[in-house]
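Read through the structure below, which is laid out as structure tokens, and then see the notes.
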Amino acid sequence: MAKTGLVLEGGGQRGIYTAGVLDVFMDNDIEVDGVIGVSAGAIHGLSYVARQRGRNMRYNMKYRNNKHYMSLYSLITTGDICGEQFCYHDIPEKLDPLDYDAFLANPTKLYVGCSNLDTGEAEYLECTDMRKPEDVNKVRASASLPLVSNIVEVDGMKLLDGGVSDSIPIFAFRRMGYRRNIVVLTRPEGYRKGPDKMLRLEAGRYREYPEFVKRCHMRHMYYNKTLDKLEELEKEGDTLIIRPSETIEISRLEKKPEMIEAMYELGVYDAKEKLQQVKKFLRESKEESRDYTHGQAQQQTAVTQQTR
């Protein structure tokens with residue numbers, strides 16, 4: 001049976017665009033079988049599976065200037081630009097609680113993409129219970145930017161930002177059985193990534209991990225090739241892309257409320273514009289699954305009759 005998926009690109013504060021898209025989805029009961037997110041996409045996907053509309057925008061606006069949230073102070077004092085204790089414990093456990101029960105009850109599966117420093121390859125990790133420290137660390141690893149984050153260890157693997165190895169994990173999700181996917185990008189149509197400007201610094205910082213450095217060097221090539229393939233998949237009808245309809249110059253660590261709000265509202269606007277296409281896409285997916293199931297049942301009946 002073909003499963004429906006939601007693929008969420010990262011991009012730091014550009015990812016607040018995705019929060020806008022997902023809030024519209026929740027307002028309209030748009031549901032899929034599985035979600036895979038990378039970096040900021042993993043974080044926003046978490047609130048979507050927990051069915052908490054507005055949560056990501058709410059705490060982002062409230063704590064954007066908190067020195068423990070995303071700051072040079074946090075980087076200097078903890079080694080993480082986004083403080084682990086504040087971002088991954090204080091907020092979801094106390095200040096703006098994640099609905100752990102709703103997350104567990106939702107049949108939609110959540111996966112996050114991370115980069116394995118030893119191999120340079122992507123790891124796609126399922127999160128099943130966000131009360132478990134290892135699942136929290138999976139999300140944290142996915143969103144841990146190189147150079148400004150500590151390496152995160154999960155199941156013996158040394159991990160960092162999933163965007164390095166697979167920024168838009170559409171093909172991994174298809175291999176996992178999610179054959180029809182809605183892909184939310186955070187760059188407008190026509191964007192192509194250039195070579196990594198931080199490569200020299202990364203090569204020095206991660207010299208013990210040559211495969212990871214190699215992946216950093218080739219990141220833009222993988223990314224641009226994925227964009228080209230995505231366009232082919234969309235023409236074939238198996239993929240629906242939602243991306244910013246205009247360019248907003250927002251930085252990865254944006255603090256200005258007007259910029260954050262503009263990016264979020266663009267996500268809301270674009271999702272509403274695509275809403276009927278999304279509903280049609282998912283309706284067709286259900287029809288395909290129903291036809292597939294019916295065909296399988298007919299084949300089984302035929303085999304049974306032949307063996308009698």
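The values are calculated or read from the model by the stated rules, or taken from the named source; none is laboratory data. From a predicted model like this one, the values you see are computed outputs, not experimental measurements. Cβ atoms come from the backbone with ideal geometry, glycine included; neighbour counts cover every protein chain shown. Surface areas here come from the heavy atoms of the whole protein model, side chains and all, with no ligands, DNA or RNA. Shrake-Rupley method; radii C 1.70, N 1.55, O 1.52, S 1.80 Å.
If you restrict to DSSP beta bridges whose two residues both lie in the chain, what percentage is antiparallel, to the nearest 5? Numbers along the way, then the final one.
Values: 12 of 30 bridges.
In the chain, DSSP labels about 40 percent of beta bridges as antiparallel.
Carbon and sulfur atoms: what percent of the 1.4 Å accessible area of the chain do they account for?
Values: 7310 of 14780 Å².
Heavy-atom surface of the chain belonging to carbon and sulfur, 1.4 Å probe: 49 percent.
Taking the Cα centre of the chain as the origin and placing charges on Cβ (Lys, Arg +1; Asp, Glu -1), which of 141, 49, 194 is farthest toward the positive end of the dipole?
Working it through, the farthest residue towards the positive pole turns out to be 194.
Net charge near residue 155: determine it from the other residues with C-beta under 10 Å of the C-beta of residue 155, scoring Lys and Arg +1 and Asp and Glu -1.
Values: positive: 138; negative: 123, 134, 153.
Around residue 155, the surrounding residues sum to -2.
Cut-off under 28 Å on the C-alpha distance; same-chain residues fewer than 8 positions from residue 132 excluded. Which lysines are left, in chain and number order?
Straight-distance partners of residue 132: 3, 62, 67, 94, 109, 158.
What's the local net charge at residue 237, with K and R +1, D and E -1, over the other residues with C-beta under 12 Å away? Intermediate values should be presented prior to the final figure.
Working: positive: 179, 180, 235, 280; negative: 232, 234, 236, 238, 284, 288.
It works out to a net charge of -2.
If we count every other residue with Cβ under 15 angstrom of residue 71's Cβ, Lys/Arg +1 and Asp/Glu -1, where does the sum land?
The answer is +2.
Give me the dipole magnitude in Debye, nearest 20, for region 147-298 about the Cα centre, with unit charges on the beta carbon: positive for Lys and Arg, negative for Asp and Glu. Intermediate results must be reported in sequence, preceding the final value.
Values: 29 positive and 27 negative charges, 64 e Å.
The dipole of region 147-298 has a size of about 300 debye.
To the nearest 20 Debye, how big is the dipole of region 87-213 about its Cα centre, given +1 on the beta carbon of each Lys and Arg and -1 on that of each Asp and Glu? Before the final figure, lay out each step's value.
On the way: 18 positive and 21 negative charges, 127 e Å.
Dipole about the Cα centre, nearest 20: 600 debye.
Taking the structure as given and computing Cα Rg over 2.2 N^0.38 Å, which label from (1) 1.22; (2) 1.02; (3) 0.94 fits?
Matching entry in (1) 1.22; (2) 1.02; (3) 0.94: (2).
How large is the accessible surface per residue of the chain, computed with a 1.4 Å probe and reported in Å² as a whole number? Mind showing how you got there, number by number?
On the way: 14780 Å² over 308 residues.
Per residue, the chain has 48 Å² of solvent-accessible surface.
Select from 68, 79, 25 the residue farthest towards the positive end of the dipole of the chain; place +1 on Cβ of Lys and Arg, -1 on Cβ of Asp and Glu, and compute about the Cα centre.
Comparing the listed Cα positions along the dipole, 79 ranks first.
Using amide H atoms built in the peptide plane, which far-off residues or other-chain residues are under 5 Å from residue 3 H to H?
Residues meeting the criterion, in which the H sits 1.01 Å from N, are 179, 180.
Give, rounded to the nearest 20 debye, the magnitude of the charge dipole that the chain has about its Cα centre when Lys and Arg contribute +1 at Cβ and Asp and Glu contribute -1 at Cβ. It would help to have the intermediate numbers written out before the result.
On the way: 45 positive and 47 negative charges, 54 e Å.
Here the chain has a charge dipole of around 260 debye.
Work out the charge dipole of the chain with +1 on the Cβ of Lys and Arg and -1 on the Cβ of Asp and Glu about the Cα centre, then indicate which of 213, 160, 35 is farthest towards its positive end.
213
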